[in-house]
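The block underneath contains the structure these notes are about, expressed in structure tokens.
The values are calculated or read from the model by the stated rules, or taken from the named source; none is laboratory data. Quick caveat, the model's predicted, so the values are computed rather than measured. Here the Cβ is made from the backbone with ideal geometry for all residues, glycine too, and neighbour counts use every protein chain on show.
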Amino acid sequence: MHRERAQTEYTGNWPRFHRLLAIVREHTPPDGARCSLPARADLTPSGRRVGEPTVVDMIVDLPGAGATGLGVTGLGVTGLSAPGLGSLADAAPDIRAFERKYLRRVPVWAWRGLMAALTKIELLRLNADPIDELAHSDDIDYVGDGSAAHRLDVIRPAGTAADAGLPVYVYFHGGGWTSGDKRQATKYCASQAAAGMVVVNVNYRRATRFRMSHILDDADAALAWVRATIAEYGGDPDRIVLGGDSAGGQITGLYSAMLSSPELARHYSIEPALPRPALLGLVQHCSVSDFSVLFDRGFVLGLGFVRILLPHRGRGRSLQGAARYLSPIEWVGPEHPPVFVSTSARDFLYRANLNYVQRLRSHGVQVDTIIYDHTSRNTEHTWQQNARLPESQEVYARLQEFVARIAEPSVGLVRG
């Protein structure tokens, strides 16, 4: 047993802090990591302003000298060692249930902490049982600056010839714009590549350091790379489908709208590298497609998630007015490409997705949907990433049918 010290930030919601910590402790075996917290009085030092984060020291006991701690900020989950990681993976549904039941107006720092708590778990859980007979080209630098944020993976059927001309599916991960990584979507992307697509799985710069303008610049740079290079991997640069989940869905939804909206392109000072005719369709999984829901009372995400995406955090501007330039629904028009939307009544972005579908249809845009009701217990936010779920397999089949239809002639594409 050895001891490490971890730190987290705390802004005063003590009951929430301990509810999540209790979930983690419940799923950590006796020989796993143990966390100890300071007394509550230590969290409110004199002179601290209300709502100002306080750095909190946590003592973490880790079994074995070689164990690796999982340091987590935000809601206070820290010190889960490698021996305890498997058990915590089983706790993920409980953590999601906690998130749905208790979290309202979550600040950005707390969200980042929760996502950090789940990241290593998700990498193991979502990428279990890799798919064989695929070729992977990983961590390609699509900008050329050496940054890990500017890397993408290309996944394609093994033996794909350079002249195969397969449709290209370009995917952006979610994570509230502040978190996440393309590696979490590897199995998801591989599942689509196995159906006969060339799939590009993209990393991008994230908030809070970067704004939506930087993120869209990265999306455009990734698509410039795809247009120039994807034929070498057997993809057709004139048959591209964009996709994403949650924040990644918002990124691709906004970029897709930009291709037929000169005003939106001017706002972000982007001359899109992807011509509108080359974009055949858009896939949205539990997407942040309508920012108006973020202003609803009691919504799970705080308004800080709007501010972090704006220049100077939106100071001196109407936040709702500025959010118009973040919201894909506001830029839908008749020239928008066909869209496939998957969501669920258990998704906290359910209404945003329903609003988006309605807006698309009101403009005559072709929309395919798969929408689960509340009785489908597996369909929490971004469940589509978990290939083991039957509901995910149904989404994959429908997605592949969607791509086969809009990407005709469907060279080599396996329907369903």
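Here are a few things to note about the model shown:
- Some residue of the range 306-314 being surrounded by 24 or more Cβ atoms within 10 Å (Cβ to Cβ), farther than 28 Å from I370 by Cα and out of contact with any strand residue (DSSP E or B) (no Cβ under 8 Å at 6 or more places or on another chain): yes
- Scanning the range 367-383 for residues that are touching a Phe, Trp or Tyr at 6+ places or on another chain (Cβ under 7 Å) and buried (at least 19 other Cβ atoms within 10 Å of the Cβ), we see that the one that is farthest from S246 (Cα to Cα) is T379.
- L242 being within 24 Å of K182 (Cα to Cα) and either modelled with pLDDT under 95 or hydrophobic (A, V, I, L, M, F, W, C) (or both): yes
- Subset of the range 125-159 that is hydrophobic (A, V, I, L, M, F, W, C) and loosely packed, with under 13 Cβ neighbours inside 10 Å - its residue that is farthest from the chain's Cα centre (by Cα): A158
- Scanning the range 321-368 for residues that are within 23 Å of R307 (Cβ to Cβ) and among the aromatic types (F, W, Y) turns up Y325, W331, F348, Y356.
- Flag for R112 being farther than 21 Å from W225 by Cα, surrounded by 20 or more Cβ atoms within 10 Å (Cβ to Cβ) and of a type in the set (K, R): yes
- Cβ-Cβ contacts under 6 Å between residues 6 or more apart (or on different chains), taken from a first residue in the range 162-187 that is outside any loop (DSSP other than H, G, I, E, B) to a second residue that is of a type in the set (S, T, N, Q), are listed as Y169/Q192; Y171/N201; F172/T252; K182/N201; K182/N203; A185/N201; T186/N127; K187/N127.
- In the range 207-223, the residue that is surrounded by the fewest Cβ atoms within 10 Å (Cβ to Cβ) out of those that are assigned to a loop (DSSP other than H, G, I, E, B) and without any contact (Cβ under 8 Å) to a residue 12 or more places away in the chain is R209.
- Of the residues making up the range 143-161, those that are within 24 Å of Y204 (Cα to Cα) and in a loop (DSSP other than H, G, I, E, B) are V143, G144, D145, G146, S147.
- The range 224-269, subset of a type in the set (D, E) and surrounded by fewer than 24 Cβ atoms within 10 Å (Cβ to Cβ), residue farthest from Q385 (Cα to Cα): E263
- Unique residue being modelled with pLDDT of 95 or more, over 22 Å from R183 (Cα atoms) and either assigned by TED's automatic domain parsing to the domain that holds Y396 or in contact with a Ser or Thr (Cβ under 9 Å, 6 or more places away or on another chain) (or both) when the list is A247, A224, A257, A219: A257
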